[in-house]
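Report on one structure; see the data block that follows.
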Amino acid sequence: MISLPKKDRVVDFESEVKKSAAESRKTWLVIVYSLLMPGLGQVYNGQLQKGLVLFLLSSGFGLAITLFSLGLPFAVLAVFFLLTILVLILAIVDGIKTARKFKYNFQPKKYNRPVVYIAIYLVVGLGGDLLASTYIKHALVRAHKIPSGSMETTLLVGDHILIDRSLDSISRGDIVVFEFPSDADKDRPRDFIKRVIGVPGDKIEIRDKQLLVNDQFVREEYVAYRDAEILASKVGPRDNMAALKVPEEMYFTMGDNRDYSFDSRFWGFVAAEKISGRAAKIYWSWDSENSEVRWERIGQEIY
């Protein structure tokens with residue numbers, strides 16, 4: 001039997017140690033990868049399945065915050081947000097522990113290459129977030145800022161609201177966002193937000209500021225009247241409007257700030273196809289006159 005000289009065996013052992021150290025997992029890289037995308041640190045550690053689970057958990061909580069923001073109380077949304085942060089912390093702590101465990105005996109997998117980590121981050125992380133946000137923005141949820149006082153006091157100037165785009169039906173009393181009918185020929189039509197007063201087939205009439213729907217006076221607790229003067233019909237339709245019937249596939253809308261709203265009384269009906277969503281919740285409110293946040297309005301449902 002031929003044996004290697006002692007010196008050669010020592011050199012060979014030292015080279016193996018150096019090679020193992022070079023392939024050991026570095027905790028700072030685990031942190032960087034995890035911050036880029038929860039679960040990517042686990043992929044770096046050779047734990048592909050665990051990384052996928054952590055990524056899905058993180059994405060699931062983030063998606064739930066957006067999807068359920070239309071129905072859940074603000075406190076529940078805060079819980080979802082905290083859970084998302086906890087998943088990130090869990091991914092980092094678990095990744096660091098595993099990296100230290102594999103300090104000198106890590107066996108690289110075929111996917112343990114920087115180019116693979118970058119590809120996963122670009123395709124799964126950024127690509128998945130982009131697709132999800134695009135779908136939510138165009139199909140389910142949209143943000144809108146209140147620019148005028150026509151809906152006061154239900155909505156104030158500076159309120160930022162979420163619009164539910166998943167409309168299955170529109171009812172009287174709904175607050176909706178729609179393209180201003182007179183902007184139909186413009187490249188970028190303006191968005192208006194008003195309350196639905198009449199649905200297809202309804203008879204609408206106004207007598208001395210009082211609304212009648214199908215010949216019945218309607219009690220509107222949400223309406224604000226700020227001008228004591230009552231204008232005759234010959235002056236305009238603000239306070240007195242002859243009865244009219246809402247056509248099929250059309251809606252009659254009015255602002256809650258009834259004396260200072262430019263709405264269906266003046267420019268007519270809103271086509272169903274022009275309605276983009278229903279106002280759902282206030283997620284931010286800024287009082288520009290006093291330069292302060294209206295904290296009490298954040299999270300409020302819109303009715």
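The values are calculated or read from the model by the stated rules, or taken from the named source; none is laboratory data. In this text the structure is predicted, and so the values were computed from the model without any measurement. Positions of Cβ are generated from backbone atoms using ideal geometry, with glycine treated the same way; all protein chains shown enter the neighbour counts.
Collect the residues in region 103-115 that are out of contact with any Ser or Thr (no Cβ under 9 Å at 6 or more places or on another chain) and in contact (Cβ under 8 Å) with a residue 40 or more places away in the chain, keeping them in residue-number order.
So the first thing to find is which residues in region 103-115 are out of contact with any Ser or Thr (no Cβ under 9 Å at 6 or more places or on another chain), and the list is 107-115.
Within region 103-115, Gln107, Pro108, Lys109, Tyr111, Asn112 meet the criteria.
Does Ser182 qualify as being hydroxyl-bearing (Ser, Thr, Tyr) and farther than 26 Å from Ala143 by Cβ?
No.
What number of residues within region 109-133 are loosely packed, with under 15 Cβ neighbours inside 10 Å and modelled with pLDDT of 80 or more?
11
So is Ser182 out of contact with any strand residue (DSSP E or B) (no Cβ under 6 Å at 6 or more places or on another chain), surrounded by fewer than 19 Cβ atoms within 10 Å (Cβ to Cβ), assigned to a loop (DSSP other than H, G, I, E, B) and in the same structural domain as Met241 (by TED's automatic domain parsing) or not?
Considered against the rule, which asks whether it is out of contact with any strand residue (DSSP E or B) (no Cβ under 6 Å at 6 or more places or on another chain), surrounded by fewer than 19 Cβ atoms within 10 Å (Cβ to Cβ), assigned to a loop (DSSP other than H, G, I, E, B) and in the same structural domain as Met241 (by TED's automatic domain parsing), Ser182 comes out as no.
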